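Read-outs throughout are calculated quantities, based only on the coordinates presented, and are distinct from any laboratory measurement. This structure is a prediction, so every number in the text was calculated from the model and none was measured. Quick reminder, even Gly has a Cβ in these numbers, built from the backbone with ideal geometry, and neighbours come from all protein chains shown.
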Amino acid sequence: MKSRKVNRVFYFLALILLVSMACRLGGSPAGQGQSEPALQGTEQAVTKEAPLPDSVGAVSSLENVKKAVIQIEAVGTFVDPEFGETLQGGVGSGFIIDPSGIAVTNNHVVSGGTVFRVYVGGDTSKTYNAKVLGYSECSDLAVIDIEGEGFPFVRWFEGPIKVGMDIYVAGFPLGDPNFTLTKGIISKEKADGRSSFSSVESVVEYDATSNPGNSGGPVVTSNGEVVAVHYMGNRQTRQAFGIAGSLARSVVETLRSGQNLDSIGVNGGAVSNEDGSIVGVWAYSIQPGSAADQAGLKPGDIITRLGNVPVATDGTLYDYCDIIRSHSPTETLPVEVLRLSTGEILSGQLNGRQLEVVSTLGSPSVGDEPPSGDSTSGSVPGTTLNPNASQPGEYYYTTEFEDMSDWEYVLMKGKESGFRQEARNGKFRVDVLEPNTWVYFFNTNFTYGDVQVDTSVENLGQNTNYTGIFCRYSQDGWYEANILNTGEWYIYASDGNRLELLFSGASRVINTGKKTNTYTFICKGDELTLGINGIEIKTISTDISPFMPFREGEVGFFVASTSVFPLRVEFDWFTTSVVY
């Protein structure tokens, strides 16, 4: 395979623009202001104030915050609106507030989990078990108890939160065991805490970079004191959000006593179908023994009315949480549910009579159309998969990588020593040996206009990797789909000098970790479609690109790394085919 010479220098944005609150690998419920274009957090040099006096085991400087920050793996059974029942491992962050192992995180990090594994301070050689002491659905907070004693811990910030105040987001984003710390300032003291998965009453806004996996981690001062609990970011405004310490402290005290707060036992998110005929709160999982469980709610149910009031009509849990907050935990509360799997409408009561079928939906309208796409959109699924996704029509070209004479590559970033390629046994293996190495492989047989590109790629390494496919490549630019093996995906356009994000999300259909995935990218007219493992994830218009439309060009695939290496991926086959 020959190296392709290019006439211009490529300057790319970092590839990681992610949904900050999405801590379960493979996605999470979405809502207003949920996702953000955030570069991956890397530890930065900071100016530190004089250390505070130490108390026993307390962190007293920014340098030592890492010792009290934890990574949490939660494993449990979830029912996803798009992909059905899954056994999903989630990864988020948290922080220890007591030497006995009491720690704080987000409810959406642990809710629905049955097994919790904790790593302290980035040390993966020691795994701790943990149990949930209490949770708050609407405040998106949870308190866990880690086995053992004598842990370093952080203290709450006692002063007022002011605009312009320096803060740092600490945690373990993207499932990476390496600790990250990013710097920013408080940009708003009181922000809107409504989202599709919670309704937080007191939220601070800041501009520090965050990524999935940062959720539940601490937002700290330069002395290492906790200002807020990070829980969400906004892709459009480049802002992130944390649950203010003033609210978090009071909620945490209740939860650590073993009481739940503002909860009925549903791990939920606001959903709707395209025509708005079905709107409600999707139950990803139900807490055993909770009021919801005793009433007969099941994972996959959609709560359409609570207290005789429609819920999630604005795409958030604002009304839903207001109703919960307005009633005591033991009060009888009417609830209406759509059981989408059977088309049944059920009515019953929390803390009262169990759910009973009162009517049927028949053949739900949500099943009449193909699914709208990304798992973060909050769309109720259809039952028809995109017939194009991973089902090529008439082949233009197919290869099992025996002969690579019709392939060239361009090293967009990095050095030749930074990667190694090898075609063997009908597969094409790429090793990335150095950070910031991005290599694109081009099939030179044809140029294409409307085309479908499919490939199968297996992760053979242990680290987060970025792989993807592209179409209509020329010196003017191209379109590409970038998929992370942690569950995130992106669609970009490039003019050859920079990448412009067109859409991004996260999906549980991605096989995370050391597994194989099949990726599809369809470039048809003015539309781009991403398919993963036979499921249509997202279709968007190229009109949203700031660049001129690209009508034809070459196709291929790529492997990229930023700060994480080494990587090893292996492509099994690659095809291009007719788009009908």
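Centre-to-centre separation between the Cα atoms of the range 291-363 and those of the range 177-233: 31 Å.
Can you spot the lysines whose alpha carbon is less than 22 Å from Lys2's alpha carbon? Ignore those fewer than 8 places along the same chain. Output for Lys2: Lys413, Lys415, Lys427.
Evaluating 6.51 cos²θ - 1.76 cosθ + 1.60 at θ = phi - 60° for every residue in the range 260-268, the Karplus couplings come out as 8, 9, 6, 9, 10, x, 10, 8, x Hz, glycine and proline recorded as x. The calculated P(r) of the range 62-256, using every Cα pair and 10 Å bins from 0, goes 10, 41, 37, 11, 1 in percent. Given their separation in residues at 0.36 nm each and the Cα-Cα distance between them, Asp403 and Asp98 gain 103.8 nm when the chain is fully extended. In percent, rounded to a whole number, the relative contact order of the range 266-367 is 24, using alpha-carbon pairs under 8 Å and six or more apart. By the count of neighbouring beta-carbon atoms within 10 Å, fewest first, Asp301, Asp166 end up ordered Asp166, Asp301. Backbone phi angles across the range 194-208, fed through the Karplus curve with coefficients 6.51, -1.76 and 1.60 (θ = phi - 60°), yield HN-Hα couplings of 6, 8, 6, 10, 6, 8, 7, 7, 10, 10, 9, 10, 8, 10, 5 Hz in residue order; Gly and Pro are listed as x. Seen from Val453, the other residues with C-beta closer than 13 Å to its C-beta sum to a net charge of -2, counting Lys and Arg as +1 and Asp and Glu as -1.
What the phi angles of the range 310-318 give under the Karplus curve with 6.51, -1.76 and 1.60, with θ = phi - 60°, is a coupling list of x, 10, 6, 5, 9, x, 10, 9, 4 Hz, glycine and proline written as x.
Close amide-amide hydrogen proximity is noted between Asn465 and Asn485, Thr486, each under 5 Å apart and 5 or more residues distant or on a separate chain (H modeled in the peptide plane; Pro and chain starts excluded). A simple charge model with +1 on the Cβ of Lys and Arg, -1 on the Cβ of Asp and Glu and nothing else charged puts the dipole of the range 266-367 at about 220 debye relative to its Cα centre.
Cα extents for the range 266-367 along the principal axes, largest to smallest and rounded to whole angstrom: 36, 27, 22. The residues neighbouring Arg305, those whose beta-carbon lies less than 12 Å from its own, together hold a net charge of -2 under the Lys/Arg +1, Asp/Glu -1 convention. Each residue in Ile324, Ile278, Ile186 was given a count of other beta-carbon atoms within 10 angstrom of its own, and listing them fewest first yields Ile278, Ile186, Ile324.
With the Cα gyration tensor of the range 388-577 giving a ≥ b ≥ c as the square roots of its eigenvalues, does the rule (a/c under 1.5 for rounded; else a/b larger than b/c for prolate; else oblate) give rounded, prolate or oblate? Rounded shape, in that the Cα axes give a/c under 1.5. For a Förster distance of 45 Å, can you work out the FRET efficiency between the beta-carbons of Thr313 and Asn425, rounded to the nearest 0.05? The value I calculate is 0.20. The H on the amide N of Ile102, modeled in the peptide plane, is under 5 Å from the matching H of Ile97, Ile146, each at least 5 residues off or on a different chain. Near Glu158: Cβ cut-off under 11 Å, other residues only, Lys/Arg at +1 and Asp/Glu at -1. The net charge is +1.
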